[in-house]
Structure formats: C-alpha cells, structure tokens
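Trainee: Mind looking over this structure? Questions follow.
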Amino acid sequence: MRAAVLVGVDRIDVREVACESPAPREILVRVTAVGLCGTDFHIVAGHANYNRDARGRPVPLTDAPQILGHEIAGVVEAVGTDVRDLTTGDRVVVDQGRNCVSEARSPLCEYCAGGDSHQCEFYREHGITGLPGGLAEFLTIPAVNAVRVTSDLEPAVLALTEPLGCVVHSSDVLARAPARYARPRSIVILGAGPAGLLFVQYLRQVLGFDGVLLVSEPNARKRALAERFGAETIDPNQNDIAVVVEERTHGRHAELLIEATGSGPAFATIAGLIRKQATVLMYGHGHAGVDLSVLNALQFLEPTLLSPVGASGGHVADGRPSTYVRALRLIEQGQVDVAPMITHRYTSLDAVARVFAGEHRAPDYVKGVVTL
C-alpha cells in the first residue's frame, strides 16, 4: 500500500509499505479521511517524538520512520476470523489508542479499569507513538477500536470525531474536578484553532453554557468562526486582553480559562486574566519561548490546574470507546458542526508533504483534512 512516511525532520516520502493482514480480533480499514492535527505538525518539525524505547528514550526517525495521522475515518475492508459485529463495507471512525480492552488483556490495568483508556499502563497509539497511522491507504486495528457510523456524513467530517472526543474528555475532567467555580459564569478561551472552536460549540450547544464566553484569537477568519459558534472575540494584536476581560466580567475576571494555543507567550498572560482560585484547563501543548518563572504569578492565585490529554474514557457494553461513541453521535446529530472548520482538503497522499512544509500557516487555514 502507499503511505506518507516521515523519514526525518520535515521530510515526508510517499512510498510503498507492507499492508498488515488483520489478526483474528482485528479489522483492516481502508482509510477515507484523516484530519491533520497540531500534534502531527509538532512531530514533523522535530519538536516532539512520542515513539519511545523501553527506557523512555525517543527512537530516531532514521531507525524507525513513522506514518502519522490519528484522526481517522474509513471503511472496513476485511475482518479477522473472530470479528462478529463488523462486516466489509461498514463505515467507521477509529480510536487510535490501543489499551487493555483493545488487546483483550485481563485483568485490566488500573487506568483502563478506572475509565482512563488513553492512560493505559501499556498504551500505544497509531499515528503518534510509532504504530502506523492513517496517512496511508489502509490501517489494521482491533475491531473494538472502530465505531460504526450511522449517518451519511462525508468522511472529512467524520474524521473530526477524534478532536471532538478530546474536548469531550476534557469537559468530563473539568466536571469531575473539585474546584471553587464548579459552575463558572465567565469563561476565557485562548486560541480559536480547531480545539478552541470545538470548546466553544461544546460549551454553548452541548453543555448549555449561557454566561460570558470570550475567545482571544489574532486570526480574523478564526475569530469569525468563534463568533458564529456563540463566543465574543478579542483580537490580542489590537486590544489588551486583560482590560477587555476585566470589562466584560465587570471586574471579576475569568472563573474558567481554557488554554488552547500551545503558545508560551499566551500562557504567560493567564495570571492577568483569571480570578483567584479559578480553574485553568491546559489543553494546548508546546508552550515554547517562556521559562517556568511564568508560573510564579499563576501559583500565587491558587488556581485549579487541569491537564487532560486525548480522547480518554471508558467503554460501552460491546467494548467500544465511550468517548468516541459520544463524539461521533454529537456530530451525526448536528449538535456540533465541524464542517465550517474544514478550510483545506487534500485528495492525495502526495499533497501531505506540501501541507507540512508550511501551507498550514496560511492566514485562511483553520483545519486540513486528507481524503483518499
């Protein structure tokens, strides 16, 4: 099969690779769409490598090239001999994380038993930790990692189940947290990339939040989408964010702040935006360009800091990942509208290298999806 293979920093080659046949409990998925995520861009640029050896050391790309892509929709091409609940031709979305339930491991590790599948003691992840991902024509996964699609939505839209699942998980973590402001009346989101925009929709359309919702974003197209989805926006290049937040919250500041940029300078502004003992949900990753001293002012406010990762969660009765099931249904039922976020579509693996070479930095770029 053909695959876009990361062979070095900023080096992607489209080449022929082996297509793995499904084991008895596995299925072979023909990939129809793959969302391009910020994590992918970090890995390609050499800012991160999550493929680790037994001692936790990064495995160089020269030793183990990687096939990225973890936001995946596809069609079942073949099923293993023990698979009874999926058949060839079924449309599915993929939970890229292999955990105890995926591998039929017994007993479950403490994380899987507690409903935190993406923190599994033995966790591995397609497209991130070295297992082959979705930027290929086919992908072999455990059957329980595939959630059947029940609508006729296009594959590009379905691929955004995974990033919405991450927001669903983050919201679950937030709901469980022992915080002073368990029911915040003022929320600030830093960043209106795909994650920030999904948070806006989830807060407004799913949770029914009707309080002050402010989004700070320098890009005009992303601000327009945030406003369309129900937020007020701030251009940080034209306004002092702290002043606007103080005005809109009548001097109380934000009771909940969601950091969805991964920007170090943005992180440094948090202390000036929140109320004492507010909750800070650290969603973005990266935060380069600042040192730990940015925590000094933040710690003094005694906030509740949360750092959820991925689309973690428990499992429904048939072993499918509950977070992905919920996220997919929200998209299928129209409660969360991801289609307007997809600004760039690529119809070939041959276009992947061009995207990672810098096209994602275009001012009109919000979310890219590769469709095969």
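Trainee: Suppose only helical runs count, i.e. DSSP H with n ≥ 4. What mean residue ellipticity at 222 nm does that imply for the chain under -39500 (n - 2.57) per run, divided by all residues and rounded to the nearest 500 deg cm²/dmol?
Mentor: Working: 11 runs with 83 residues, N = 372.
Computed ellipticity for the chain at 222 nm equals -6000 deg cm²/dmol.
Trainee: Moving on to the next point. For Cα pairs less than 8 Å apart in space and 6+ apart in sequence, what is the mean separation divided by the residue count of the chain, i.e. the relative contact order in percent?
Mentor: 19
Trainee: Also, I was wondering about something else. Among the helices of the chain (complete DSSP H runs), which have Cα atoms covering no less than 20 Å along the helix axis and a Kyte-Doolittle mean of at least 0.0?
Mentor: Span-like helices in the chain: 161-176.
Trainee: Also, I was wondering about something else. Order 292-302, 325-335 from most to least packed using the mean count of other Cβ atoms within 10 Å.
Mentor: Top of the packing list down: 325-335, 292-302.
Trainee: How large is the charge dipole for the stretch 273-372, taken about the Cα centre, if only the Cβ atoms of Lys, Arg (+1) and Asp, Glu (-1) carry charge, to the nearest 20 debye? Working shown, then result.
Mentor: Working: 9 positive and 8 negative charges, 30 e Å.
For the stretch 273-372, the charge dipole is close to 140 debye.
Trainee: What's the magnitude of the charge dipole for the stretch 192-286 around its Cα centre, counting Lys and Arg as +1 and Asp and Glu as -1 at the beta-carbon? Answer in Debye, nearest 20.
Mentor: Computed charge dipole of the stretch 192-286: roughly 160 debye.
Trainee: Looking only at 159, 231, 18, which one moves most when the chain is put into a Gaussian network model with springs between Cα atoms under 10 Å?
Mentor: 18
Trainee: Once amide H atoms are built 1.01 Å from N in the peptide plane, which residues 5 or more positions from residue 263, or in another chain, come under 5 Å H to H?
Mentor: 287
Trainee: Got a sec? What order do 81, 371 fall in by accessible area at 1.4 Å, biggest, i.e. largest, first?
Mentor: 81, 371
Trainee: Positive end of the dipole of the stretch 146-243, charges at C-beta (+1 Lys, Arg; -1 Asp, Glu), about the Cα centre: which of 215, 171, 155 has its Cα farthest in that direction?
Mentor: Value computed over the given set: 171.
Trainee: Still on this structure, I have one more. Per residue, how much accessible surface does the stretch 329-371 expose to a 1.4 Å probe? Answer in Å², no decimals. Before the final figure, lay out each step's value.
Mentor: Details: 1810 Å² over 43 residues.
On a per-residue basis, the stretch 329-371 sits at 42 Å².
Trainee: Let me ask something else. Below 8 Å, C-alpha to C-alpha, sequence gap of six or more: please give me the relative contact order for the stretch 1-92 in percent.
Mentor: 37
Trainee: Additional query: Antiparallel as a % of all DSSP beta bridges within the stretch 260-372, to the nearest 5?
Mentor: Details: 1 of 9 bridges.
Roughly 10 percent of the DSSP beta bridges within the stretch 260-372 come out antiparallel.
Trainee: How compact is the stretch 46-121 by the rule of thumb for globular proteins, expressed as Cα Rg over 2.2 N^0.38 Å? Mind showing how you got there, number by number?
Mentor: Working: Rg = 15.9 Å, N = 76, 2.2 N^0.38 = 11.4 Å.
Its radius of gyration relative to the 2.2 N^0.38 Å reference: 1.39.
Trainee: Another one. About the Cα centre, and with charges only on the beta carbon of Lys, Arg (+1) and Asp, Glu (-1), how big is the dipole of the stretch 109-207? Nearest 20 debye, please.
Mentor: 620
Trainee: Using all alpha carbons of the chain, what is the percent of pairwise distances in each 20 Å bin, ordered from the shortest bin to the longest?
Mentor: P(r) over the chain, rounded to whole percents: 29, 59, 12, 0.
Trainee: Would you tally the net charge around residue 343, using a Cβ to Cβ cut-off of less than 12 Å, leaving residue 343 out, and scoring K and R as +1, D and E as -1?
Mentor: The answer is +2.
Trainee: While we're on this one: Over the chain, what is the percentage of antiparallel beta bridges among all DSSP beta bridges, to the nearest 5? Could the numbers behind the result be given before it?
Mentor: Working: 34 of 60 bridges.
Of all bridge pairs located within the chain, approximately 55 percent are antiparallel.
Trainee: Which net charge results when you count Lys and Arg as +1 and Asp and Glu as -1 among the other residues whose beta-carbon is under 14 Å from that of residue 122?
Mentor: -1
Trainee: Between rounded, prolate and oblate, where does the stretch 39-177 land on the alpha carbon gyration tensor, with a ≥ b ≥ c its root eigenvalues, rounded for a/c under 1.5, else prolate if a/b exceeds b/c?
Mentor: Since a/c stays below 1.5, the shape of the stretch 39-177 is classed as rounded.
Trainee: With a 1.4 Å probe and all protein chains in place, put 228, 252 in order of accessible area, largest first. Show your work: numbers first, answer last.
Mentor: Numbers: 228 155, 252 100 Å².
Most to least solvent-accessible, the answer reads 228, 252.
Trainee: Ordered by packing density, taken as the mean number of other Cβ atoms within 10 Å over each peptide's residues, highest first, how do 203-215, 120-132, 357-369 rank?
Mentor: 120-132, 203-215, 357-369
Trainee: What whole number of Å gives the distance from the Cα centroid of the stretch 105-180 to the Cα centroid of the stretch 75-103?
Mentor: 13
Trainee: Can you give me the % of accessible surface on the stretch 105-186 that is carbon or sulfur? Probe 1.4 Å, all protein chains present, nothing else counted.
Mentor: That fraction is 50 percent.
Trainee: Could you report the stretch 31-156's accessible area per residue, 1.4 Å probe, as an integer in Å²?
Mentor: Details: 5260 Å² over 126 residues.
Here the residues of the stretch 31-156 average 42 Å² of exposed surface.
Trainee: Moving on. Karplus couplings for the stretch 336-353 from phi (6.51 cos²θ - 1.76 cosθ + 1.60, θ = phi - 60°), rounded to Hz, Gly and Pro as x?
Mentor: Those phi angles translate into 10, 9, 8, 4, x, 6, 7, 9, 9, 10, 10, 9, 7, 4, 5, 8, 4, 4 Hz.
Trainee: Hey, if you put +1 on the Cβ of every Lys and Arg and -1 on every Asp and Glu Cβ in the stretch 198-350, which of 300, 198, 338 ends up farthest toward the positive end of that dipole?
Mentor: Positive-most Cα among the choices belongs to 338.
Trainee: Whole-Hz Karplus ³J(HN,Hα) for the stretch 3-16, in order, using 6.51 cos²θ - 1.76 cosθ + 1.60 and θ = phi - 60°, x for Gly and Pro?
Mentor: Each residue's phi maps through the Karplus curve to give 8, 8, 10, 7, 9, x, 4, 6, 10, 10, 10, 8, 8, 7 Hz.
Trainee: If we count every other residue with Cβ under 15 angstrom of residue 307's Cβ, Lys/Arg +1 and Asp/Glu -1, where does the sum land? Provide the component values of the computation, followed by the final result.
Mentor: On the way: positive: 176; negative: 116, 172, 259.
Cβ neighbours under 15 Å give a net charge of -2.
Trainee: OK, next. Residues of the stretch 165-241: accessible area per residue at 1.4 Å, in Å²? Don't skip to the answer; put the middle values down first.
Mentor: Working: 3290 Å² over 77 residues.
Spelled out: the 1.4 Å probe surface of the stretch 165-241, per residue, equals 43 Å².
Trainee: With every atom except the alpha carbons ignored, what do you get for Rg and Dmax of the stretch 225-301, in angstroms?
Mentor: My reading of the Cα-based Rg and Dmax gives 12.6, 37 Å.
Trainee: For an R0 of 45 angstrom, estimate the FRET efficiency from the Cβ-Cβ distance between residue 290 and residue 1 and round to the nearest 0.05.
Mentor: It comes to 0.60.
The values are calculated or read from the model by the stated rules, or taken from the named source; none is laboratory data. The model shown is predicted, which means the values in this text are computed figures rather than measured ones. Cβ atoms come from the backbone with ideal geometry, glycine included; neighbour counts cover every protein chain shown. Areas reflect the complete protein model, heavy atoms only, side chains present, ligands, DNA and RNA absent. Shrake-Rupley method; radii C 1.70, N 1.55, O 1.52, S 1.80 Å.
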